[in-house]
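Trainee: This is the structure I have questions about; it appears just below.
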Amino acid sequence: MNCKYGAAITGTGSFVPEKIMTNFDLEKIVDTSDEWIVTRTGISQRRIADENTATSDIATVAAAQAMEDAGVDAKDIDLILVATVTPDMAFPSTACVVQKNLQAVNAAAYDLGAGCSGFIYGLATANSFIASGMYKNILVIGAETLSKIINWEDRNTCVLFGDGAGAAVVSRCEPSEGILSVKIGSNGTFDRLITQPAGGSRMPVNCEVIQQKLNTIHMEGSEVFKLAIRTMASVSEQVLGDAGLKVDDMKLVIPHQANKRIIDGIFNRLKVTSEQSYLNLDKYGNTSAASIPLALDEAAKNGVLNKGDNILLVAFGSGLTWGATTVKWVK
Ligand code: COA
């Protein structure tokens with residue numbers, strides 16, 4: 001598609017809560033071990049929000065950093081997208097709370113529910129709004145307080161997730177720069193694989209539901225595992241092909257940070273080298289929609305990225321959903 005406008009990531013930010021929960025802390029809660037968690041997932045610790053901290057709070061800090069990094073004023077933001085599965089509440093949207101916090105008085109705002117693929121869905125949406133000429137500056141935020149919906153008695157899930165937020169300012173640029181290709185997809189026939197069954201109109205919360213912990217995360221881990229590798233490898237190949245690029249052309253590949261073994265599986269298929277990979281899931285666990293922007297911001301702040309570098313971002317999550325994008329770094 002030939003467009004008049006390109007869309008580039010011009011600033012990033014991130015924030016994680018202070019409290020660290022290690023695998024050794026989890027050993028005291030459920031029947032697990034540091035050794036099991038590290039070898040099966042690659043995760044050593046995760047961050048946990050306190051009872052007074054909601055998703056909008058950490059989203060706001062990450063977003064403010066991203067705006068400062070981009071040199072964009074709050075009044076110049078046209079749209080705020082918050083990708084999350086842990087909104088402050090069903091409505092109003094977390095994006096509207098962030099809009100208020102930032103005093104982004106000219107911005108439209110809405111939440112985007114695409115599970116762990118939410119940030120890539122957000123970049124795809126921002127890219128289209130900018131390509132159409134409708135908007136110039138869009139805040140794409142991935143933010144989660146998953147600790148609030150974890151069943152702390154379920155060792156299958158409680159060891160995997162953590163809290164955090166990452167944000168990017170996406171702004172109008174030359175068509176040959178910024179987001180070079182992007183693809184998103186879904187398959188709702190696998191909707192049962194990762195789900196929070198209760199809390200919506202299908203199963204409103206009541207005492208029975210709470211007793212059965214149906215308002216927490218339920219996951220069929222091994223099925224997700226296989227689909228995640230196959231799908232993320234495939235969508236990565238598609239966006240590389242669409243951009244006329246090869247894996248070798250990528251300075252960095254940042255996959256959704258869910259499980260080290262899933263990432264190894266993707267990287268083996270794509271032949272991504274260890275120098276090309278940026279991982280931080282050992283420190284934060286799976287932070288769902290926040291995982292990619294959190295890693296991207298860390299990589300940018302650590303000086304790993306230079307102007308003109310190509311990067312590949314790829315995600316997979318509840319829905320099922322998936323997405324990938326190739327981006328030319330413009331900063
Ligand atoms: N500590 C110790 N043992 C555990 C455990 C834990 N925290 N969690 C599960 N086990 C046990 C299981 O009960 C099972 O025991 P059993 O054989 O006696 O029944 C055994 O470990 C193996 O379980 P299995 O599910 O086959 O392990 P696995 O190798 O598939 O790893 C996951 C489990 C969850 C780590 C893995 O499937 C996974 O990461 N899946 C993807 C999850 C994910 O990231 N989802 C989000 C994607 S967006």
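Bear in mind that the values in this text are calculations on the coordinates, not laboratory data. Since the structure is predicted, the reported quantities are computational estimates derived from the model, not experimental observations. We place every Cβ from the backbone using ideal geometry, glycine too, and count neighbours over all the protein chains shown.
Trainee: Per residue of the chain, what 222 nm ellipticity follows from adding -39500 (n - 2.57) for every DSSP H run with n ≥ 4, rounded to the nearest 500?
Mentor: Theoretical 222 nm ellipticity from helices: -10000 deg cm²/dmol.
Trainee: Hey, another quick one. What order do you get for 168-177, 249-258, 105-114 when each peptide is scored by the mean count of other beta carbon atoms within 10 Å, highest first?
Mentor: Those peptides, ordered most packed to least, come out 249-258, 168-177, 105-114.
Trainee: Could you compute the net charge surrounding PRO87? Neighbours are other residues with a C-beta less than 14 Å from the C-beta of PRO87; K and R count +1, D and E count -1.
Mentor: With Lys, Arg at +1 and Asp, Glu at -1, the neighbours total -4.
Trainee: Please enumerate, by chain and number, the lysines with C-alpha under 26 Å from the C-alpha of LYS28, excluding those fewer than 8 residues away in the same chain.
Mentor: The qualifying lysines are LYS19, LYS148, LYS213, LYS260, LYS283.
Trainee: Highest mean first, how do 51-57, 303-309, 280-286 rank when packing is the count of other Cβ atoms within 10 Å averaged over residues?
Mentor: Order by mean packing, descending: 280-286, 51-57, 303-309.
Trainee: How are the C-alpha pair distances of the stretch 6-177 spread across 10 Å bins, as whole percents from the shortest bin up?
Mentor: Whole-percent P(r) values from 0 Å outward: 11, 36, 29, 16, 7, 0.
Trainee: What angle do you read, to the nearest 10 degrees and between 0 and 90, between the alpha-carbon axis of helix 260-270 and the longest principal axis of the chain?
Mentor: So the helix axis and the longest Cα principal axis differ by about 40 degrees.
Trainee: Angle, helix 291-301 long axis vs. longest principal axis of the chain, Cα atoms, 0 to 90°, nearest 10?
Mentor: Roughly 50 degrees between the two axes.
Trainee: Now a separate question. What percentages, rounded to whole numbers, describe P(r) for the stretch 180-328 computed over all alpha carbon pairs with 5 Å bin width beginning at zero?
Mentor: 2, 9, 18, 20, 18, 12, 8, 6, 4, 2, 1, 0
Trainee: Using a cut-off of 13 Å between beta-carbons, work out the net charge of the residues near THR60 (Lys and Arg +1, Asp and Glu -1, THR60 not included).
Mentor: -2
Trainee: Still on this structure, I have one more. Kindly rank 20-28, 118-126, 6-14, 230-238 from highest to lowest mean number of other beta carbons found within 10 Å of each residue.
Mentor: Packing order, densest peptide first, comes out as 118-126, 6-14, 230-238, 20-28.
Trainee: On to the next question. Per q in 0.06, 0.08, 0.15 1/Å, what log10 I(q)/I(0) does a Debye calculation on the alpha-carbon atoms of the chain return?
Mentor: Those come out to -0.18, -0.33, -1.22, one per q.
Trainee: Can you tell me the 0 to 90 degree angle between the C-alpha axis of helix 221-243 and the longest principal axis of the chain, rounded to 10?
Mentor: For helix 221-243, the angle is close to 0 degrees.
Trainee: For the stretch 25-30, take each phi angle, set θ = phi - 60°, evaluate the Karplus expression 6.51 cos²θ - 1.76 cosθ + 1.60, and give the result in whole Hz per residue in order, putting x for glycine and proline.
Mentor: 4, 5, 4, 7, 9, 10
Trainee: So, with +1 on the Cβ of K and R and -1 on the Cβ of D and E, and no other charges, what is the size of the charge dipole of the stretch 215-331 about its Cα centre, to the nearest 20 debye?
Mentor: That gives the stretch 215-331 a dipole magnitude of about 140 debye.
Trainee: Another question, if that's okay. Net charge near LEU146, counting Lys/Arg +1 and Asp/Glu -1 over other residues with Cβ under 11 Å of its Cβ?
Mentor: It works out to a net charge of +1.
Trainee: Turning to a different aspect of this structure: What is the chain's relative contact order, in percent, from Cα pairs under 8 angstrom and six or more apart in sequence?
Mentor: Once divided by the residue count of the chain, the mean separation gives 26 percent.
Trainee: Are any of the pairs LYS75/LYS100; LYS226/LYS271; LYS136/LYS246; LYS75/LYS307; LYS183/LYS331 more than 21 Å apart by Cα-Cα distance, and if so, which?
Mentor: Those over the limit are LYS136/LYS246; LYS75/LYS307; LYS183/LYS331.
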